[in-house]
1. Protein chains only, probe 1.4 Å: how do THR101, THR54, THR215 rank by accessible area, largest first?
2. On the protein heavy atoms, probe 1.4 angstrom, tell me the percent of accessible surface of region 1-89 carried by carbon and sulfur.
3. Considering the Cα positions of region 1-85, please state its Rg to one decimal place and its Dmax as a whole number of Å.
4. What lysines does LYS65 reach when the alpha-carbon gap must be under 25 Å and sequence neighbours fewer than 8 apart in one chain are set aside?
5. In region 1-67, what trypsin sites (Lys or Arg not before Pro) fall in a loop by DSSP, with at most 14 other Cβ atoms inside 10 Å?
6. Can you work out ³J(HN,Hα) from phi for every residue in region 52-64, in order, using Karplus 6.51 cos²θ - 1.76 cosθ + 1.60 and θ = phi - 60°, giving whole Hz and x for Gly and Pro?
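The values are calculated or read from the model by the stated rules, or taken from the named source; none is laboratory data. Just so we're clear, the structure is a prediction, and the values are computed from it rather than from any experiment. For neighbour counting, all protein chains shown are included, and Cβ atoms are generated from backbone atoms with ideal geometry for every residue, glycine included. Accessible surface areas use protein heavy atoms only, side chains included; no ligands, DNA or RNA. Shrake-Rupley method; radii C 1.70, N 1.55, O 1.52, S 1.80 Å.
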Amino acid sequence: MAREECKALLDALNKATACYHHLVLTVGGSADSQNLREELQKTRQKAQELAVATGGPLTTALRDKGLGAEERAEFERLWVAFSGCLDLLEADMRRALALGTAFPLHAPRRPLVRTGVAGSAAGVAARALSVRALRHEAERDFDVDDLRELEREILQVGKMIHDMEMKVNVPRWTVQARQAAGAELLYSAGASSAGFVSVEERTGPCDPSKALAATVFSAVLLVAVALAVCVAKLS
């Protein structure tokens, strides 16, 4: 039961970490806005909550001396995947801090990344009068406060990684995968081939609709040629 719970939590953490990674890549670009910064804040906090919830059961299970060899090997694989998620999360949080500092929203020291996209003055005025823009105007210090909070959270994640490595010693190079390298790629290729074969089996060697269309086209072409010959003789 504990193993299935850890798997479910780790899957959720993996998705949250991947989502945060993609969001961080847009900071400082043409899609950067306070909405993005708020989404970044929510996503990283959710990822940290999932990390705390996942680390506890994993640590307890791996410190259990009565755990069987097969069960321990499975928990060690989960531990390695969990450590990778934490490392990626910490690296992306540091990247978000650097980009957020370089590209502040309301008092930029330098322009955002230029993409060649520009809008008219009317569009800018319409956005400025929107309710969301007015709400953001009242929260001009959001990005500054968020960067301070992000610095504290980076230290917390680093401390979490350090504490967990001190409690559980699982060298990553000693953990063996259950599948061969690239097995998921082979599975995807096999599924694609199977789908292609099934389409061929459904359509057959000769599609009746295509044959009928070819016959009609040939008949129309012959009539057109005959009319052209007749016109040429009459002229």
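1. Numbers: THR101 65, THR54 0, THR215 90 Å².
Solvent-accessible surface, decreasing: THR215, THR101, THR54.
2. Working: 2370 of 4260 Å².
Roughly 56 percent, rounded to a whole number.
3. Spelled out, the Cα radius of gyration and Dmax of region 1-85 are 16.0, 55 Å.
4. By straight Cα distance, LYS65 reaches LYS7, LYS167.
5. On the way: sites: ARG3, LYS7, LYS15, ARG37, LYS42, ARG44, LYS46, ARG63, LYS65; in loops: ARG63, LYS65.
Here the sparse-neighbourhood loop sites are ARG63, LYS65.
6. Taking θ as phi minus 60°, the curve returns 5, 5, 7, x, x, x, 5, 5, 4, 5, 6, 8, 7 Hz for region 52-64.
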